[in-house]
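Heads up, the thing below is written out as structure tokens.
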Amino acid sequence: MSDAYKILTIKVDGKDISDIIRKYLISIVIKDEADTKSDTLTIKLANPAELISIPSKGVNIEVLLSDQTSTISKGIYTVDNVKVEAPPETLTIEAKATPFTQSSDYNSLKDKLTTVINSQSLATTLQEIADKANLEFIPSDTIADINHEELHLDAENYLQLMARLAKDYQLLIKPTYGKLVALPKSEGVKSSGSKLGTISLTKQDLTKWSFNFPERAKYTAVSASWHDTELAQTKTISVGDATAGDTYALPATLNSELEATTKAQAKLKQLTKQERSGSLSMIGNPLVQAEMTLSLEGFYPLLNGDWVCQSVTHSLSSSGYTTSASIV
């Protein structure tokens, strides 16, 4: 058994099976994604014929990794596929992150609905959705002042509605094991619902890095039309600096000036965000997670400062433990 495997703990439906996994482990890869993308787990084992049993689809696997001071849970995953190959004889277990404690709770958010949600605060609507799925709702203070107009669901489910609201208001709205979190994309959240911290990195902390800086944003302003019911007129508002570049026009006519302004501001933020990106590789660090902030220090002035992890991959094999991150 590789010494690198000593940092690994594996639990199947709550039972610790780390010893047998370490004995046969070839590699384990955890991919942690931002937004609503599913996190994934892939475990590859040698000599599966000698294993006590092959895990069934639907079994829950918890992965924990240790650093010098603590043990960090990297999430609970539900087995989605099991593959046996030869030669050499190997067993590969593929699993997806489990954001819900019960599958019935997840199904309640997948049901297609045709209904209307009255104009109210975004927090109230998300609280109602969380209650339907037995999730604990954990909102950021920054969404308290966001109100939405009447929402129409036409053969749409709550997962699709949350994705729509997240896009409209440039938020992260995500079920994470037993919880529903809602916060600006600039904030990160742990599976516990608490805010992620910031990790500072220098060149010496990395084994490899690269960055891309595309051209400046084309659009510097956004216009939106809304229907004034009192005057029976369609009016237009604009946000941003139309003199500095092109103006993007939202295609739909919205229900009020408030909705038009809110959605135009969210779209402008999306369009004018500098689409810089980078990739980092480092010796394994279980604290690094998707959506958290990495603060770069001692690089070039253009690179120094805060970056947000879009995806993080933790890889463990006989060669050691490594972490890689895609950042924006």
10 Å Cβ shell holding at most 13 others, DSSP loop, trypsin sites (Lys or Arg not before Pro): longest site-free stretch of the chain: 113-215
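Using only helices, what value at 222 nm comes out for the chain when you add -39,500 (n - 2.57) per DSSP H run of length 4 or more and divide by the total residues, to the nearest 500 deg cm²/dmol?
Computed mean residue ellipticity for the chain: -5000 deg cm²/dmol.
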May I ask which of Lys174/Lys267; Lys74/Lys179; Lys11/Lys44; Lys83/Lys112; Lys6/Lys31 have a Cα-Cα span longer than 24 Å here? Lys83/Lys112
Can you pull the accessible area of Asp131 for me, 1.4 Å probe, Å² to the nearest 10? 90 Å²
Using alpha-carbon positions, what is the distance between the centroids of the stretch 107-157 and the stretch 246-318, in Å? 24 Å
For the chain, modelled as a Gaussian network with Cα springs under 10 Å, which listed residue fluctuates most, Val308, Val84, Val63? Val84
Take the Cα atoms of the chain, find their three principal axes, and give me the spread along each one in whole Å, biggest first. 77, 50, 37
For Gly245, distant residues with modelled amide H under 5 Å away: Thr220
Those helices of the chain passing the 30 Å axial Cα length cut-off and the mean Kyte-Doolittle cut-off of -1.0 (DSSP H runs only) are none
Karplus-derived HN-Hα couplings along the stretch 91-98 (A = 6.51, B = -1.76, C = 1.60, θ = phi - 60°), whole Hz, x at Gly and Pro: 10, 10, 10, 10, 9, 10, 4, 9
Which of Ser223, Ser56, Ser311 fluctuates most in a GNM of the chain (C-alpha springs under 10 Å)? That residue is Ser56
Expected unfolding gain across Thr71-Ser200 under the 0.36 nm per residue rule, minus the alpha-carbon gap, is 44.4 nm
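The values are calculated or read from the model by the stated rules, or taken from the named source; none is laboratory data. Keep in mind the model is a prediction, meaning the values are calculated, not measured. Every residue, glycine as well, gets a Cβ built from its backbone with ideal geometry; the counts of neighbours run over all protein chains shown. Side chains are part of the model used for accessible areas, which takes the heavy atoms of the whole protein and leaves out ligands, DNA and RNA. Shrake-Rupley method; radii C 1.70, N 1.55, O 1.52, S 1.80 Å.
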